[in-house]
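**Q** Here it is, the structure, as structure tokens.
The values are calculated or read from the model by the stated rules, or taken from the named source; none is laboratory data. Computed from a predicted structure; not experimentally measured. Counting neighbours? That spans all protein chains shown, and the Cβs are built from the backbone with ideal geometry, glycine included. Keep in mind that these areas ignore ligands, DNA and RNA; they rest on the heavy atoms of the full protein, side chains included. Shrake-Rupley method; radii C 1.70, N 1.55, O 1.52, S 1.80 Å.
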Amino acid sequence: MCGIVGYIGEHNVEDALINGLKRLEYRGYDSAGMSLLINDKIETVKKIGKTQNLHDAVTKKYSGGKGGVCTTGIAHTRWATHGMPTEENAHPHLDMNGNFALVHNGIIENYKNLKDKLVSHGYTFKSGTDTEVIVNLIDYLYEKDFFKAVAAALKELHGTFGIAVISKRHPGNIVVARRGSPIVVGLGTNEMLVGSDVSALVAYTRRVIYLNDDDIAMVKKDDVQIYNIDEVPVTRETALVDWDPGEIEKSGYKHFMLKEIEEQPDSVRNSIRGRIDFKTGTAILQGLNITPKEVSGTTDITITACGTSYIAGLVGEYYFEDLADIPTEVAQAAEFRYRNPILKPNSLVVAISQSGETADTLAAVREAAGKGASVVSLCNVVGSTIAREAGRGVYLHAGPEISVASTKAFTCQVAVLLMMALKFGRINRLSIDAGNLIADEIESIPEMISKLLKTKSEIEKIAEKYAAAEDFFYIGRGYMYPAALEGALKLKEISYIHAEGYHAAELKHGPIALLDEKVPVVALANDIPGKDKVIGNIQECRARKSPVIAVATEGDEEIKEYVEDIIRVPKTSKYIAPILTVIALQLFAYYIADKRGRDIDKPRNLAKSVTVE
Ligand code: G6P
């Protein structure tokens, strides 16, 4: 979603801001803008569309120099919520008097009341955004102290925000604050950066401070002071980002998505490294910080997440029930708190989130903790809000995922869920030998993925054949049911083709009415329990003239007589099959989207990290 970057220091300010914005592009946006403090005046440039449009406009504007000293600036990529994607609505927003400029992520729920109040005091507004209310409120409350004006304004806000503010009366300062939307401060030498995400800063510094909710920081080029909303100083730890800026480059790939698909042998290897113990046939997941007694006393598990992470959770449901004997359900995070979940004293809630910032998943974590449940998180982004609030969990170590469509995070989530189920299973029911069989399989995942990736040109050929279809169904059973959902989701997200993932047996209870020769069906017919039944379901589709593309196990000759085309995956057990199958379907979706010329890394209307409800 929206992205924030701010810079204060001795380097070229607009370069730092543009560089940061470009690294935030992956989050999804529809306009961009920046404000610079030049000779104690705020100059603002905004453009709709790509950050390159902003870059070009800024380069043109300052081609003859900036006509003064500039050490401070803030910038933003906006993903429209309140008001259309226009230049007026793009950030930064200035107050009516031009004293302050502000960028904002999140949503202010009481903006209408605040706006009415400000209008009654003579304030006028140019945009349809909730953000313009915040900056005018700061101006209204200002009495010579920049920090106090921001703190006073924030006390009046209901909703979520991550903000960065500059003031023409206080050059050399950026005030940042957060409530529900991340803000990180990057500590340089004689320069400081602020951002909504570490990728905006990592080219300049790896030393960062993550703000907590209701923290307000006064950032100067050589100093950061952090206070809580009551203006009491607080101390926050400095963390070291372990990403290499090279990891967020395309490195010769046409798209980040393809790069990330191909990184999966390594990302899964990093996820499982040092976490399998063959002596005891179990997984070592220190961050879970959970005792055997706590595991054996766990009465039920609720996995909660959104999007692709939710689908990873559906695979986890099978793992926990099959291997650990613990009744498990998967709850959409957006529903979790509103349906008033029943959590018992020994319930465990597992929150899954690549970004660790998804608003609904965070709300579910808070609801579960508030109801006394134990909460653990599975996050990719180290230091993210969900990881910090859950307090314990497992990091995926997938490396930065830039493409909006999630790929390597999904496979690492599934691998981590399998390790967790192995650990819980060893405590509850599995013998050492049974545990070691699963451990062997987990260790083999990277190699199996490499083997699958070698067949990508065959998947590309099949994708080319079906690239013109306008509707697809993906069907599967058991462990392959979530894989069908994820395959369809990937195709929808990046190719904009209508695709539905369905349980293979459910198809005949309605959607089969939609099948004809123009609607291909991708049937997940891996050689694992349930395959015979899927073949029956394939025949139901063929009888309606749908062309069927099977995902089938290498060496399975029987499948040929039932289907038009076959995507092959290496032979594995049912535990690993969803990982390989989803990777094959990621490639299938990728090649179809590429044939259709889509903007694969930044699909329309989507955001990488959804920080609003
Ligand atoms: C957005 C992304 C999806 C992602 C979902 C959950 O919708 O576009 O790819 O699966 O958010 O994100 P999370 O970071 O919580 O896994």
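**Q** When the chain is fully extended, how far beyond the present Cα-Cα distance does E613 get from H121, taking 0.36 nm per residue of separation?
**A** Result for the pair: 174.0 nm of gain on full extension.
**Q** At what distance in nm do the modelled label points of E143 and Q52 sit from each other, each positioned 7 Å from its Cα along Cα→Cβ?
**A** According to this spin-label approximation, the distance is 5.1 nm.
**Q** What angle do you read, to the nearest 10 degrees and between 0 and 90, between the alpha-carbon axis of helix 307-324 and the longest principal axis of the chain?
**A** For 307-324 against the chain, the angle is about 50 degrees.
**Q** Would you mind giving the average projected area, over all directions, of the Cα convex hull of segment 456-595 in nm² with one decimal?
**A** 7.0 nm²
**Q** Residue by residue through segment 582-588, what is 3J(HN,Hα) from phi via Karplus (6.51 cos²θ - 1.76 cosθ + 1.60, θ = phi - 60°)? Round to whole Hz and write x for glycine and proline.
**A** Ordered by residue, 3J(HN,Hα) equals 5, 5, 4, 6, 4, 5, 4 Hz.
**Q** Along each of the three principal axes of the Cα atoms of the chain, give the extent in whole Å, ordering the values from largest to smallest.
**A** 77, 55, 43
**Q** Oh, and also: Any aspartates and glutamates with Cα under 14 Å of the K155 Cα? List them, leaving off those in the same chain fewer than 8 positions away.
**A** E109, D213, D214, D215, D230, E231
**Q** Once R0 is set to 41 Å, what does the formula 1/(1 + (r/R0)^6) return for the Cβ-Cβ distance between R273 and N212, expressed as a FRET efficiency to the nearest 0.05?
**A** The calculated FRET efficiency here is 0.85.
**Q** Work out the charge dipole of the chain with +1 on the Cβ of Lys and Arg and -1 on the Cβ of Asp and Glu about the Cα centre, then indicate which of N380, L154, A469 is farthest towards its positive end.
**A** It is L154.
**Q** Pick out, from G487, I352, H91, the residue whose Cα sits farthest towards the positive end of the charge dipole of the chain, with +1 on the Cβ of Lys and Arg and -1 on the Cβ of Asp and Glu.
**A** Towards the positive end, the residue furthest out is H91.
**Q** I'd like the carbon and sulfur percentage of the solvent accessible area for segment 3-241, probe radius 1.4 Å, heavy atoms only, ligands and nucleic acids excluded.
**A** Taking all protein chains in place, segment 3-241 shows 49 percent carbon and sulfur surface.
**Q** On to the next question. Before anything else, pin down the relative contact order of segment 3-241: Cα pairs under 8 Å, at least 6 apart, normalised by residue count, whole percent.
**A** 20 percent
**Q** Continuing with this model, one more query. Round to the nearest 10 and report in Å² the accessible area of T611, as given by a 1.4 Å probe over the protein chains' heavy atoms.
**A** Here the residue's solvent-accessible area equals roughly 10 Å².
**Q** Taking 7 Å along the Cα-to-C-beta vector as the label spot, tell me the E87-Q286 distance in nanometres, rounded to one decimal.
**A** Taking the simple label geometry, E87 and Q286 are separated by 5.4 nm.
**Q** Run the accessible area of segment 456-613 with a 1.4 Å probe and give the carbon-and-sulfur part as a rounded percent.
**A** That share works out to 48 percent.
**Q** Taking R0 as 30 Å, what FRET efficiency do you get between K533 and E441 from their Cβ-Cβ distance, rounded to the nearest 0.05?
**A** Step by step, r from the Cβ atoms, then E = 0.80.
**Q** In Å², and per residue, what accessible area does the chain have when probed at 1.4 Å with the other protein chains present?
**A** Dividing the accessible area of the chain by its residue count gives 37 Å².
**Q** For a quick check of understanding: with a 1.4 angstrom probe and all protein chains in place, what accessible area in square angstrom does T124 have, to the nearest ten?
**A** Counting only protein heavy atoms, T124 exposes about 90 Å² to solvent.
**Q** Using only the alpha-carbon atoms, how far is helix 531-542 inclined from the longest principal axis of the chain? Give it as 0 to 90 degrees, nearest 10.
**A** For helix 531-542, the angle is close to 80 degrees.
**Q** Would you please give the residues with an amide H less than 5 Å from that of D527, counting only those at least 5 places away or on a separate chain, with H modeled from the backbone geometry?
**A** Result for D527 returns T553.
**Q** If I fit a long axis through the Cα atoms of helix 13-24 and take the longest principal axis of the Cα atoms of the chain, what angle between them do I get, 0 to 90°, rounded to 10?
**A** Tilt relative to the chain: about 20 degrees.
**Q** Tell me, what ³J(HN,Hα) does each residue in segment 197-211 have, in order and in whole Hz, if you take phi through Karplus 6.51 cos²θ - 1.76 cosθ + 1.60 with θ = phi - 60° and put x for Gly and Pro?
**A** 6, 4, 4, 5, 10, 5, 6, 9, 7, 9, 8, 9, 10, 8, 6
**Q** Whole-Hz ³J(HN,Hα) for each residue in segment 445-459, computed from phi via Karplus 6.51 cos²θ - 1.76 cosθ + 1.60 with θ = phi - 60°, x for glycine and proline: what do you get?
**A** Values, residue by residue: 4, x, 5, 4, 5, 4, 4, 4, 4, 5, 9, 5, 5, 5, 5 Hz.
**Q** Moving to a separate point now. Say the cut-off is 30 Å between C-alpha atoms; which of K61/K490; K126/K221; K22/K66; K221/K408; K115/K371 go over it?
**A** K61/K490; K126/K221; K221/K408; K115/K371
**Q** Taking all protein chains in place and a 1.4 Å probe, what share, in percent, of the accessible surface of segment 256-453 do carbon and sulfur account for?
**A** In segment 256-453, the share of accessible area belonging to carbon and sulfur is 49 percent.
**Q** Separate question: Checking the table K254/K531; K60/K168; K112/K220; K259/K465 against a 30 Å threshold on Cα-Cα, which pairs fail?
**A** Beyond 30 Å between Cα atoms: K254/K531; K112/K220.
**Q** Taking chymotrypsin sites (Phe, Trp or Tyr not before Pro) as exposed when DSSP calls them loop (any state but H, G, I, E, B) and at most 16 other Cβ atoms lie within 10 Å, what is the longest stretch of the chain free of them, the sites themselves excluded?
**A** Here the longest run is 339-495.
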